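Got a structure here, written out as structure tokens. Questions coming.
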Amino acid sequence: MDTCALYDHGFIWSLCAWWNGRSTIDFIFKRLDRFFANQLFLDLFRVLEVEHLIKYSSNHAPLMLSCNIDTVQVKKLFKFLNFWTKHESFLKVVKENWVVESMGNPFILFQGKLKKVKTALADWSMETFGDIFKQIAALEDVIKVHEIQFELNSTAQNRAKLHKVDSDLTRYYHFEEEFWRQKTGMQWFKDGNMNTKFFHAHVRSKRKRLQVSRILDKNDNWLESQECMAREAVEFFQAHFIKERIPPNFDIIQHVPRMVSRDQSAKLWKEPTMEVIKAAIF
């Protein structure tokens with residue numbers, strides 16, 4: 001697996017894919033049969049799912065591989081990229097958009113500041129860095145052109161142009177490495193080769209484990225469509241967090257021992273002042 005850079009796709013349903021056909025103390029269950037694929041195969045399909053089918057007339061369970069299962073495209077949220085802080089104009093953008101001269105609820109103002117800075121950083125990132133993956137592809141094409149020009153005419157000017165593009169590409173390679181390093185959440189990985197395929201594969205593996213392709217409803221029926229799973233999830237939590245019957249009285253509370261004094265109770269019920277809230281936050 002390591003030599004060929006293969007990844008195990010995992011499985012759903014039964015834990016074991018092989019049974020030795022015996023019972024009592026002699027039985028053995030193992031997961032012998034698996035699906036492996038390399039990164040090129042993973043890039044072809046957005047979603048993969050391996051299911052262990054029933055062991056019919058065999059001690060091995062057939063494995064069914066499903067590709068490109070329909071999933072709902074979720075709108076991407078704002079993502080703060082760590083390499084932004086290394087740019088010289090980053091702090092200036094934050095300071096300019098953090099200042100809001102208005103009066104009102106401090107929590108609403110704080111939320112408004114965060115929203116304004118978020119929008120400003122998103123626009124600033126697109127103008128300053130652009131799409132780093134598209135930029136890398138474009139710079140690689142430009143380097144090919146400059147390499148041909150330098151081979152045909154080896155002047156100092158052509159060499160300077162080639163070095164300039166090489167420097168820009170190296171900078172974007174660092175951005176790409178920082179992006180995948182942050183996305184994988186591997187804080188222990190300090191320095192090393194720019195192995196973005198490793199980061200990409202690690203992210204895909206984590207994302208695959210978080211995908212839900214089917215759920216079991218309250219009647220022990222499997223639901224696979226996104227609409228049915230969403231409806232069942234809503235009904236499940238509504239049933240847990242909505243009280244169907246309100247008790248007529250609360251006499252049972254009289255049997256609960258009092259753990260605090262009346263003075264302590266009054267302090268607990270007292271509404272906190274703005275000074276107390278500010279001190280707690282800061």
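The values are calculated or read from the model by the stated rules, or taken from the named source; none is laboratory data. Source: prediction; values computed, not measured. Backbone-built Cβ (ideal geometry, glycine too); neighbour counts: all protein chains shown. Heavy atoms of the whole protein, side chains included, go into the accessibility calculation; ligands, DNA and RNA do not. Shrake-Rupley method; radii C 1.70, N 1.55, O 1.52, S 1.80 Å.
Quick one: in segment 1-21, of everything that is part of a strand (DSSP E or B) and modelled with pLDDT under 75, which residue is surrounded by the fewest Cβ atoms within 10 Å (Cβ to Cβ)?
My answer is 13.
Looking only at residues in segment 99-118 that are touching a residue at least 12 places away in the same chain (Cβ under 8 Å) and closer than 16 Å to residue 78 by Cβ, which one is least open to solvent (accessible area, probe 1.4 Å)?
117
Quick one: how many residues across segment 84-118 are closer than 27 Å to residue 169 by Cα and of a type in the set (Ser, Thr, Tyr)?
So the answer is 2.
Oh, and also: For residue 138, are the conditions met, namely being under 15 Å from residue 79 (Cβ atoms), of a type in the set (Gly, Ala, Ser) and either assigned to a helix (DSSP H, G or I) or more than 28 Å from the chain's Cα centre (by Cα) (or both)?
Here the answer is no, as residue 138 does not meet what is asked.
Residue pairs, Cβ under 9 Å, 6 or more apart or interchain, first in segment 77-98 and touching a residue at least 40 places away in the same chain (Cβ under 8 Å), second basic (Lys, Arg). List them.
Close Cβ pairs (under 9 Å, with a partner that is basic (Lys, Arg)) amount to 78/118; 80/118; 82/181.
Continuing with this model, one more query. So which residues in segment 39-61 are assigned to a strand (DSSP E or B) and under 19 Å from residue 211 (Cα atoms)?
Residues of segment 39-61 assigned to a strand (DSSP E or B): 48-52, 60.
Of everything in segment 39-61, those that are assigned to a strand (DSSP E or B) and under 19 Å from residue 211 (Cα atoms) turn out to be 48, 49, 50, 51, 52.
Within segment 45-58, count every residue that is open to solvent by 40 Å² or more (accessible area, probe 1.4 Å) and modelled with pLDDT of 80 or more. Break it down stepwise before answering.
Here is the first cut: in segment 45-58, the ones open to solvent by 40 Å² or more (accessible area, probe 1.4 Å) are 45-46, 53-58.
In the following step, the residues that additionally are modelled with pLDDT of 80 or more were identified as none.
Selection size over segment 45-58: 0.
In segment 218-240, how many residues are open to solvent by less than 100 Å² (accessible area, probe 1.4 Å) and touching a strand residue (DSSP E or B) at 6+ places or on another chain (Cβ under 7 Å)?
Total meeting the criteria: 3.
Ok, one more. Out of all the residues in segment 125-156, which are farther than 19 Å from residue 169 by Cβ, open to solvent by 60 Å² or more (accessible area, probe 1.4 Å) and among the polar types (S, T, N, Q)?
Of everything in segment 125-156, those that are farther than 19 Å from residue 169 by Cβ, open to solvent by 60 Å² or more (accessible area, probe 1.4 Å) and among the polar types (S, T, N, Q) turn out to be 153, 154.
Please work out which residue is modelled with the highest pLDDT, limiting yourself to segment 63-74 and to residues that are assigned to a loop (DSSP other than H, G, I, E, B) and open to solvent by 60 Å² or more (accessible area, probe 1.4 Å).
Looking at residues that are assigned to a loop (DSSP other than H, G, I, E, B) and open to solvent by 60 Å² or more (accessible area, probe 1.4 Å), I get 68.
Let me ask something else. Find the residue count for segment 22-38, including only residues that are of a type in the set (Phe, Trp, Tyr) and outside any loop (DSSP other than H, G, I, E, B).
Result for segment 22-38: 2.
A further question follows. Can you tell me which condition residue 94 does not meet? The list is (1) open to solvent by less than 60 Å² (accessible area, probe 1.4 Å); (2) over 24 Å from residue 282 (Cα atoms); (3) at pLDDT 85 or above; (4) of a type outside the set (Lys, Arg), and all the others hold.
Unmet condition: (2).
Just for helices (runs of 4 or more DSSP H) wholly inside segment 226-282: which have at least 2 residues that are at pLDDT below 90 and within 33 Å of the chain's Cα centre (by Cα)?
Values: elements: 226-241, 262-269, 274-281.
Passing ranges, in order: 226-241.
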